[in-house]
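Quick note: the coordinates plus some simple rules give every number you see, no bench work behind them. In this text, all values refer to a predicted model and were calculated from it rather than measured experimentally. Positions of Cβ are generated from backbone atoms using ideal geometry, with glycine treated the same way; all protein chains shown enter the neighbour counts.
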Amino acid sequence: MTVPSAGAWTLHPDRALPADAVTRDIARTVYAQTRDLPIVSMHGHVDAAALNADAHFGDPAEVFVVPDHYLVRMIVSQGVPHDALGVPRKDGGAVETDPRAIWRTFCANWKLYRGTPTRYWLEHVFVEVFGLSARPSAETADTLYDEISAKLATDEYRPLALFDRFDLEILATTDPATATLSDHAALAERGWGQRIVPTFRPDALLFVDRDGWADDVRLLAERADVAVDSYTGYLRALEQRRRAFVAAGARATDHGHLLADTTPLSDADAARIFDAALRGEVTAAEATAFSGHMLTEMARMSTEDGLTMQLHPGVARNHSGSVFAARGADVGYDIPVQAEYTYALRPLLERFGHDPHLRLIVFTIDETVFSRELAPLAGVYPAMKLGAPWWFLDSPDGMRRYRELVTETAGFYNTTGFVDDTRAFFSIPARHDLSRRIDAGYLARLVAEHRLELDEAVEVAQDLAYHLPKAAYPALG
Amino acid sequence: MTVPSAGAWTLHPDRALPADAVTRDIARTVYAQTRDLPIVSMHGHVDAAALNADAHFGDPAEVFVVPDHYLVRMIVSQGVPHDALGVPRKDGGAVETDPRAIWRTFCANWKLYRGTPTRYWLEHVFVEVFGLSARPSAETADTLYDEISAKLATDEYRPLALFDRFDLEILATTDPATATLSDHAALAERGWGQRIVPTFRPDALLFVDRDGWADDVRLLAERADVAVDSYTGYLRALEQRRRAFVAAGARATDHGHLLADTTPLSDADAARIFDAALRGEVTAAEATAFSGHMLTEMARMSTEDGLTMQLHPGVARNHSGSVFAARGADVGYDIPVQAEYTYALRPLLERFGHDPHLRLIVFTIDETVFSRELAPLAGVYPAMKLGAPWWFLDSPDGMRRYRELVTETAGFYNTTGFVDDTRAFFSIPARHDLSRRIDAGYLARLVAEHRLELDEAVEVAQDLAYHLPKAAYPALG
Amino acid sequence: MTVPSAGAWTLHPDRALPADAVTRDIARTVYAQTRDLPIVSMHGHVDAAALNADAHFGDPAEVFVVPDHYLVRMIVSQGVPHDALGVPRKDGGAVETDPRAIWRTFCANWKLYRGTPTRYWLEHVFVEVFGLSARPSAETADTLYDEISAKLATDEYRPLALFDRFDLEILATTDPATATLSDHAALAERGWGQRIVPTFRPDALLFVDRDGWADDVRLLAERADVAVDSYTGYLRALEQRRRAFVAAGARATDHGHLLADTTPLSDADAARIFDAALRGEVTAAEATAFSGHMLTEMARMSTEDGLTMQLHPGVARNHSGSVFAARGADVGYDIPVQAEYTYALRPLLERFGHDPHLRLIVFTIDETVFSRELAPLAGVYPAMKLGAPWWFLDSPDGMRRYRELVTETAGFYNTTGFVDDTRAFFSIPARHDLSRRIDAGYLARLVAEHRLELDEAVEVAQDLAYHLPKAAYPALG
């Protein structure tokens, strides 16, 4: 290890490892065995079109600030308006368009991220990926802007070059059920089909009282080439689209519901509600019941086509109506709410919980159910696995607490290992690196407390970093 | 301390103590003062008949695998069917009956228990009680089977010999309200009456819409020799049975309810519901209300006969209907649910919370209420104590979190100290040992942070391990 | 630092800092930079009349035991009756009146406080403020009583002298909306107006089905000199009183509600409910709806007059009806209950969450909402800040958990820094000292884990201890 010259910005090799000397020493040993494993990134929100285009990224503001709701929300929380960060308005009203100004606002607010995972991720990106010379600040903003811009202009910083540099073995995108998957097809033609795969996300079609639902249903019919004028046609079209996703390399579905309810309806009731929805006459209660019913239907389809089923309830989307009206979704106003799992998942688990063809992964953003509900459920039903700590919780202490709350009841092997949930392509390696460090630290504590042998800790660490995610999302067909 | 010969399987003397050197050193000192205290085991599920028979235990599969829902659920969660573990079917269908095959399946899956308390308990049993030569694995399975079998065939491994070896000062069994208590009587005749005592568990009689409730009521009448054709007769019969339990050495009652509700009914309403139940015409809502009412009645009876009252709400039993139909209860499908305590316990505490004749111990499996509800309640009502972390939570980190969440509000002296909840007779010493280590570690941290003196920590540790459980369940009559 | 003579009672300089040597060393450095900062105490329950009178305090029992619900509840929980602690009865019935006897009971029960913040606070007060010679015990009780009494008799221990000695830069009292504020006026005349300020607490006027509400409304009209015979008059009177508080130096309002609901009513509905309340015909549901509505009205008024708005829901007051009937409020029976925030605060945040004129501080006593609801909300809405851990949670581990649960999502700068919640004047420095130590320990861990630089940690620690509370409660007018 070379000693950095004075003043250079480097990251400490022991960052995010436990402070205690005995435990840190063990953690170093464990982490050394996972640090260089390839990245398996099975749940994310990177744009397939951008990967397919493989064009140079835009400016630093466009890459790092404007689309990152973590960054934006923190600065907004201190009273800086969205406009100053260049977050676009739906009405086309004026917002800051000078990327350098946006970047300066971000750099000047760097101290807000103290203690947050955003800070960890960005430091990793700025040092490891871009080799920046200094920390962000009002003073360094322009220099950093220029340093990043220069790198982004090179071919080494185009998406697919970075994909290799990041050692991404596979990356899953998230795609509406009505997606053409044309970008994936084009990528496959160029040999990327095993490494960039779509994920089937049918939420828009399952919430039958959504604005625009009828349009999406028409699009579904078109894409599937199946008439969707009845509940039966709707199921057939969904099944067809799932097959198309499987053919395009998909390994999973993804379901974001407010609640975890999976109570099935009778076919007759489901059909009745569907017909009412087509007529625009569905009630909110019926729509909610239908969406819960469809989760069990999706599980049924998964037992048939093999797609891993991902469920993540418990987020109230677009909490601020005025911000949503002005800016749309995904600008930092999705706020967790409590959700119940023991009763809610019971119907689905009753029918498919022991079905060897189902893999159900449940994510949550609510720590209170880890030890009370989710670990006990995942610790007995073979079809269910517990996903990684998600969203606000894929943070150093959040991930540590997750292991502490889950492991004693569910063990390690009823979790999926690390699954990132990333919109920001550049931060994928940072997130996996952080996860490997935190798991190393947790495992090191078990070793230091003589609750686990060192060779076991290393094996578990490698499983969590690499083998378990691969097993949770197997290739199909 | 002798150095173990190479290859022998030994346990580290510092296992489950904190990793930090300063804290560990203090923890060692504290633990050394509790390690050899006798075991007071006031809440468990060991079978009185087995103790009375004092016959040799069965084979390793029968002793360690088949009846242990912790073990079974973990292996089932990885897709191994119950049949392969020899869990019997109610329909008498074929399951694995070769104990060696069952044992091999268990050993081959040993890695699943990494990080779980099951691992800690079994290591303790296998090394400290059986002196096994190697860790379980597919390779060692047969050897270990033979080693265990050889020990179990000796008289030193019969139940009552182990009872002495384990230094069990007293063990409470759990018995239905309609139990004859004949095993306890026989044990008492042989001089074990002060050391093996029954616990009065009337759940079956309090849930008046249960299948089989009427039969249990008839049995109650018979055992109590009291006519139970009215609510009044029912109360008298329950009181009589409680007296019989007290006469047989019982110190406590035990109540497993879904919710903690203790709202009393008027005598007229209680009688009306009871009569409806006798006619088989009770509604679910009435039955639930009646069970809550009966908790306050049980508290009233405790103020009269002195039995400590144990309440543990918040578990949805037999979550999988299909597994319950096939295998019955207690095979790993009891899943926690959220329960409210502040309002729910209010009626009982309003009436008896300051009554010096009541000792109410509340257990939970939901960590979220420790600091929010249970510690504040136990920290003011003299009749209420907070039980030990229960079931999934009597784990190293679970017990540590319990102390962290409870102590600052309720102190140590409003908890009961360690109360195990054990079906597996062999693991009782392991559980108490683990608890003493975790409490030593927690106390050591307080000492290391100069929040407690060392002599105080030792006194508290001894209180938690021994004196508080004895005080919470005093001998009666 | 002088070495204390053998046997003297001293406090360890590292108390409440982390045990791990590396982390402790950093924590010492951080704490050294906050230890001597002035105290900003913006939320408390010290009596303005006592400060204004500036008379000698009473006896040790009157000062430390009888009015302190933390102390009283812990001793009561062990079966000592309130009477023995001199807690007065509303019916005037006999209670212990000998302060020395009360003090002895307290000292004899000293061990109950092991592991509690009460212990930390009292040790600080007894050693740092009173220089007592020994720990409390049955044996030392009389000596300590005399030592304390001797000090209290000196002028150096009168309230305003201590105010200076404690380096209290500013202290906020809590005052009903109908307070005359005469004590504050008198203090202001003597030059204390900038350092002792009132807080506007209108709860009594917002719960329109309270016993005595109508009397309070009449008092409101009188104090405000506004006719309150309609909802409009009621609003005008409240606005007038808020202005009077602002004129008297107030910086904040304080709202203790059972739930966090802020759903507004139409003016017509609000007026209808108000009129019904005046006639004594309001229903419980209407009263609850009105109180939620009034929170949003209070927020609206805050945007107009600048008072910081403090909200702390989630406590069931006076849990024991019999104790409340006998002794009144604030004797240890306020028990937390679960409350929901994401939906409940939405109406208020929808209207005023981005209003630069509102500062809303939310406190809770329920740890489960820190990471799930409150940190995500405070991490985006500029008008909302997350208050310090409150009541049962301003304890060493409680405050540490708060930082761990909050920081990664909300950062440091969406919290208010330390805000104590103290009735016990003598313990104010102890509470601030403890908070500074715990924050130093948390920050030191981030530094030790290379997640934060040391200079950043020092800056954050100073912000949390001093600058953030000042910014959250700015001077008005």
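Computed quantities for the displayed model
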read-out	value
Sparse-neighbour loop sites [GluC sites (Glu not before Pro); the stretch A:389-462; at most 16 other C-beta within 10 Å; DSSP]	A:Glu453
Using alpha-carbon coordinates, inclination of helix C:213-224 to the longest axis of chain C, degrees	90
Value of Rg to Rh for the protein assembly as shown (Rh from inverse mean 1/r over Cα pairs, i.e. Kirkwood)	0.95
Debye log10 I(q)/I(0) at q = 0.13, 0.19, 0.23, 0.32 Å⁻¹ for the stretch C:385-433, Cα point scatterers	-0.30, -0.61, -0.84, -1.29
Degrees, to the nearest 10: A:99-108 long Cα axis against longest axis of chain A	70
Inter-site label distance for B:Ala325 and A:Ser322 at 7 Å from Cα along Cβ, in nm	5.6
For A:308-317, mean number of other protein chain Cβ atoms within 10 Å	1
Semi-axes of the equivalent ellipsoid for the stretch B:346-477, Cα gyration tensor, largest first, Å	23, 18, 15
Approximate shape of the stretch C:56-157 as ellipsoid semi-axes (Cα gyration tensor, √5λ), whole Å, largest first	21, 17, 12
Tail weight of P(r) past 17 Å, computed on alpha-carbon pairs of the stretch C:249-338, percent	61
For C:Gln240, label point 7 Å along C-beta direction: distances to other copies, nm	7.3, 7.3
Bridge type composition, the protein assembly as shown - antiparallel percent by DSSP, nearest 5	10
Shielding by other protein chains, B:403-416, mean Cβ within 10 Å	6
Distances in nm from A:Gly92 to the matching label points in the other copies, shortest first (labels 7 Å along Cα to Cβ)	8.1, 8.1
Using a 7 Å Cα-to-Cβ projection, A:Gly79 label spacings across copies, nm, ascending	5.8, 5.8
Helix B:284-305 vs. chain B, principal-axis angle (Cα, 0 to 90°, nearest 10)	80
Of all DSSP beta bridges in chain B, antiparallel share, percent nearest 5	10
Packing rank of A:128-137, A:88-97, where each peptide gets the mean count of other beta carbons within 10 Å, highest leading	A:128-137, A:88-97
Cubic angstrom per residue, convex hull over Cα atoms of the stretch A:191-312	104
In nm, spacing of pseudo-spin labels at C:Asp146 and A:Glu222 (7 Å Cα→C-beta vector)	9.6
Inter-chain shielding of A:18-30 (mean C-beta neighbours from other protein chains, 10 Å cut-off)	4
Alpha-carbon Rg with Dmax, taken over the stretch A:23-82, Å	17.9, 46
P(r) histogram, all alpha-carbon pairs of the stretch B:402-477 included - 5 Å bins from 0, percent	3, 15, 23, 26, 18, 9, 5, 2, 0
Using alpha carbons only: equivalent-ellipsoid semi-axes of chain A, gyration tensor based, whole Å	36, 29, 21
Of the GluC sites (Glu not before Pro) in the stretch C:217-309, those whose Cβ has at most 14 other Cβ within 10 Å and which sit in DSSP loop	C:Glu281
